[in-house]
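Take a look at the structure below.
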Amino acid sequence: MRVPRRRIGPKLVAYVATELWFPIVFTLVGFTTLALTVQLLALADLAVNRGLDVGDVIGLAAYQVIPSLGRSLPFAALVGALIGLGRLGADREILAMEAGGIEPARQLAAPLALVAGALTAFAIVVSLIGAPWANRRLEAAFAELVRENPAASLRAGTVHSFGEFRLEAREVSSRGDELRGVLLWVPSIGETFFAEEASVEPAAGGGTRITLDEGILLTGTTPPAYLRFHHMQHMLPPEGSDGGATERLAGASGEELRQLSRGSADARERRDAAVELHRRLAMPFATLGLTLLAVPLALRGARSSRTAGALAGVAATLLYYALVQLGNGLLRRPEAPVSLAVWLPNAVLAFAVAWLWSELLRLPRREREKRGRGAAIAVPAREPSEREKRVRRRPLDRYVLALFGETALLCFVALLVAFVLGDVIDNLQWFAKYGSSAEEVLRFYTARAPVLAARVVPMALLVAAALTMSLLSRRGELVGLWACGVSTLRAVRPILLLCAVITVTYHGFNNELVPRANARASYLKQTEIKRGSQGAVRTSLWYRVDEHLYVAQRLDPLAGEAVGVTVYELTPQWLPKSRTDAAIARHIGEGVWDLVDPLRVEVKDGEAELTPTSPLAALGQDLPAEVDTSHLTLRALRREIRDVEESGFDATIFRVDLHQKLASPLACLVLPALGLLIATAGPPFWTPAQTLVLSALQAVGYLLLSGVATSLGYGRFVPPVVAGWGPIALLAGAVGFLALRSRSQRG
């Protein structure tokens, strides 16, 4: 009997639209949170250690939320819509529509168009009004905070840019206004000043006044000079004031961009303004196109599920981003039209949407029914599957372990893809600013993959553990175990044992492989991606590696050639011990460089002397822009602590990072244990959706707790061991309390 066709009613339109909203909003919040995690931790440090008011820090965080929402919205709309449609398919609601004579391909267009229109309108408001306003306010607020407290952003062992000035200090006080072991590059004379101590304070007319105490200037002239001074002051412009057009144009209004794109005397500024204007219009329409892509992707598959929908959305998002990178590559060519390069991804997306919809509408109804009902009858509603029958014959430990392992692997893959996507969204402006190619981005994320994987592992174990117990409780199996005298702790024992094994493995992975991967990714970002408009050649390099300070007028890292090279050898107090200058240096392998016309000056008894030197020098082959403890293995970090303390400096910050590195692997055991106990705190039990929300809250809470504890350790408010181990200890205490409570309740 043929079922007559029916139109979807207003109640069903509202129902489907409502079912799509929750996963879209949840995905949007997740992507935005991922993009803001690092910024939130840095802002927490500003409030704890840098003397900034909590209200000001909250304001900075609020301004960063709006642009992050705008960047995340198109991708969250697609992934969230696919998850919602996957739920309708997995729960047989789409099949019920077909049985009632409603064709999903045609009738789901109405609620999807309603959702897509609302999201696009919101994206237009955010892109054209909200994000520029937030960027202006953020720039103004941060500039005001730095003007009042220029030390707020200073970090030990990190290069800071004040216009063309470069500043690095080995030790920074908790408030950031007192420095020790100071290196200051002064562009007006092209020399580096060294000082034992320094202080910074806001200048009356803006910028920063730095006072160097007990300083040294070592020249590479003939004859050389070794000049000592007691006090010297420099006026530094606002930090980051040498930023490019991308930062300045991000806060410009639409009218300002139109005027610059038409009437600016600088051709580069006209082009940059036109690019920014077109991007603000292109992103909201990407939201419309990606949302409309959801129905064809959801209904073309042979099986409907939440997971399949999410993976399809992530794949489509990555393809769209690849087109964005192709457009960025075209923008690097001055002859390429701006409109073509910026709108190319949207044009391809519109073609894909039209083609997929036409194919879906032409698909015979009988074939759609066959696909949908085939998926429906493959697993009878009330009878166990063959897999479940096999599993029932296994011992309890193997059954729980198999369920947890499958869930953990799925969570790891899903979270890793989400983290990569969030990181890509967070770095979009960076890649666009420097015109990075798709090949450069691919190399960067190949190197960065272990770093992101390390972040995902504890979260994946937490979510998998909570979901496993939630599934057992929802199926009634947990209550059945209790009825048979099996306690909760006995049921979760295999999960905890596997997590303990992963913790041991994770320790070596996180503290040995990840630092090297982090250093490699930073190297690629600073040398191959940064200043992409200049190709592979970098200019005005100034960086320190261990006991050497490297300066070069120009460097081509791919050709292995540097021009105008100066290399300082430093004492443990970061004072100059020698200086080697060369007009040209060519890398011949293994960190050895061939110097052309080298000139070496050594400091002996407070005097500078010219000394003979070999044209071959071991200058090193790594070119990091800054030193970061995340780039150091445990052995290297312990060595750094020893060197710092032997030279008379305070190594508190390094010790905090050491204890944090030692304690972080335990999160792979403590977080899943906490998730297990919370998920089984019933009856009534949490639903899987509620379990996901609770797991996300636990993960974010742990990250924020770790960030606050680290900031307290940096500020010397708590000992380093407390700052590093405190968050894990608190979670372990919560696990013990819940375990005792569960045991007493079941006993």
Residue satisfying condition, being in a helix (DSSP H, G or I), at pLDDT 75 or above and in the same structural domain as residue 21 (by TED's automatic domain parsing), within set 77, 96, 47: 77
The number of residues in segment 715-740 that are modelled with pLDDT under 85 and within 27 Å of the chain's Cα centre (by Cα) is 1
Flagged pairs (Cβ under 6 angstrom, 6 or more apart or on separate chains; first in segment 269-293, free of Cβ contacts under 8 Å to residues at least 12 places away in the same chain; second hydroxyl-bearing (Ser, Thr, Tyr)) are 270/261; 270/264
Of all residues in segment 61-74 being touching a helix residue (DSSP H, G or I) at 6+ places or on another chain (Cβ under 6 Å) and among the hydrophobic types (A, V, I, L, M, F, W, C), the one that is modelled with the lowest pLDDT: 61
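Select the strands (runs of 3 or more DSSP E) contained entirely in segment 159-258, then report the ones holding at least 2 residues which are at pLDDT 85 or above and of a type in the set (A, V, I, L, M). Reasoning before the result, please.
Values: elements: 160-162, 165-172, 178-186, 191-202, 208-218, 226-236.
Strands (runs of 3 or more DSSP E) meeting the threshold: 165-172, 178-186, 191-202, 208-218, 226-236.
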Of all residues in segment 329-338, count the ones that are in contact (Cβ under 8 Å) with a residue 12 or more places away in the chain and surrounded by fewer than 13 Cβ atoms within 10 Å (Cβ to Cβ). 1
Out of the residues in segment 578-624 that are in a loop (DSSP other than H, G, I, E, B) and modelled with pLDDT under 70, which is nearest to residue 223 (Cα to Cα)? 619
Could you check, for segment 471-491, whether at least one of its residues is at pLDDT 85 or above and not hydroxyl-bearing (Ser, Thr, Tyr)? no
Can you give me the number of residues within segment 417-470 that are touching a Ser or Thr at 6+ places or on another chain (Cβ under 7 Å) and modelled with pLDDT of 75 or more? 8
When residues of segment 211-231 are filtered for being of a type in the set (A, V, I, L, M, F, W, C), under 43 Å from the mean Cα position of the chain (by Cα) and surrounded by fewer than 17 Cβ atoms within 10 Å (Cβ to Cβ), how many remain? 0
Identify, from the list 563, 551, the residue that is at pLDDT 75 or above, in a strand (DSSP E or B), buried (at least 18 other Cβ atoms within 10 Å of the Cβ) and aliphatic (A, V, I, L, M). 551
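The values are calculated or read from the model by the stated rules, or taken from the named source; none is laboratory data. Predicted, not measured: the structure shown is a model, and the values here were computed from it. Every residue, glycine among them, receives a Cβ derived from its backbone with ideal geometry; neighbour counts consider all protein chains shown.
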